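First the structure, in the form of structure tokens, and then the observations on it.
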Amino acid sequence: MAGLSIGEIAARTGLAVSAIRYYETEGLVAPLRTAGGQRRYDRGDIRRLSFVMIAQRLGVPLAEVRAALDTLPEGRTPTRADWARLSSRFRAGLDARIAALEALRDKLDGCIGCGCLSLNSCGLYNPADRARRGGPGPRYLLGDAPALASTAPERQGGGGDDEGGPP
């Protein structure tokens, strides 16, 4: 039986052998087996694993990758046309992640949105730590608008007007 061993496919893809085995258990690649039980991969598996690697690098969850690959005929390696079709399924999620990353980048040197590190200087955007009403975490960076926080009822007691302390 011809084909690439798991070590050879690892060398060709740059993946760890353990990652290739994991992807196999997840149903993302299905190597043939020799009579002795050794895995044998064909050249198409390089492309299939590369597809998985690219999708993972883009932050696409394995469940979505599997669902995309499951739309291909049994065992077929994704072609360029397949990649264009399948990757279009990932576009909306990527656009949302890009928007979130851009928002984080653009606000990195300003208010972090939680009110706990800049109570003295956030009188305009977070008076009386109103962002806390939106829930835990950096509320403004998670999408809560400062205007919404300013209409929430003020927190009673505790004040918390010190720089750097927890709310």
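What follows is calculated from the coordinates using simple rules that are stated; it is not laboratory data. Given the structure is predicted, the values throughout are model-derived calculations rather than measurements. Cβ placement follows ideal geometry from the backbone for every residue including glycine, while neighbour counts extend to all protein chains displayed.
Calculated from the alpha-carbon coordinates, segment 6-99 shows an Rg and a Dmax of 13.7, 51 Å respectively. Counting pairs of alpha carbon atoms under 8 Å apart in space and at least six apart in sequence, what relative contact order in percent does segment 6-99 give? Averaging sequence separation for qualifying contacts and normalising by length gives 22 percent for segment 6-99. With both labels modelled 7 Å from their Cα along Cα-to-Cβ, the D106 to A67 distance reads 2.9 nm.
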